[in-house]
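The values are calculated or read from the model by the stated rules, or taken from the named source; none is laboratory data. Please read all numbers here as calculations on a predicted model, not as lab measurements. Positions of Cβ are backbone-derived with ideal geometry, glycine not excepted, and every protein chain shown enters the neighbour counts.
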Amino acid sequence: MPSLARSSESKSSSDGVLSRISNSSVAKKGKAAASNVSYVTKRLLKSTGKAAWIVATTFIVLGLPLIIEMEREAQFNELELQQSSLLGAPPAQPAFPGLPN
């Protein structure tokens, strides 16, 4: 029985050390700092996600139609140039001299 008494004494003393460490001011400050970092990180990710959604939808609504229209106009200009070269007419001058077609 004396060995059982010793094991229970060592167990209670180790629990005391862990509880003293976890209840120390350094541990409490560390937990508070970790909690603050977690909160700030969550808020930052949330606001970054919102900003990314705004940028993506703005690009889809405004930028994509502009890109499609510019591509369509470039194809039309290329087709017009091919037709004029087939008919033997000189290529058309650009609207602004010095700029490519």
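Taking the conditions exactly as written (without any contact (Cβ under 8 Å) to a residue 40 or more places away in the chain and surrounded by 10 or more Cβ atoms within 10 Å (Cβ to Cβ)), does Ser47 satisfy them or not? Show your work before the answer.
Details: without any contact (Cβ under 8 Å) to a residue 40 or more places away in the chain: yes; surrounded by 10 or more Cβ atoms within 10 Å (Cβ to Cβ): yes.
Against the criterion (without any contact (Cβ under 8 Å) to a residue 40 or more places away in the chain and surrounded by 10 or more Cβ atoms within 10 Å (Cβ to Cβ)), Ser47 qualifies.
For region 1-10, does any single residue satisfy the condition of being of a type in the set (A, V, I, L, M, F, W, C), modelled with pLDDT under 90 and assigned to a loop (DSSP other than H, G, I, E, B)? Don't jump to the end; show me each part of the working.
First, the residues of region 1-10 that are of a type in the set (A, V, I, L, M, F, W, C): 1, 4-5.
So of that shortlist, the ones also modelled with pLDDT under 90 come out as 1, 4-5.
Within this subset, residues satisfying the condition of being assigned to a loop (DSSP other than H, G, I, E, B) are 1.
Yes: region 1-10 contains one or more residues that are of a type in the set (A, V, I, L, M, F, W, C), modelled with pLDDT under 90 and assigned to a loop (DSSP other than H, G, I, E, B).
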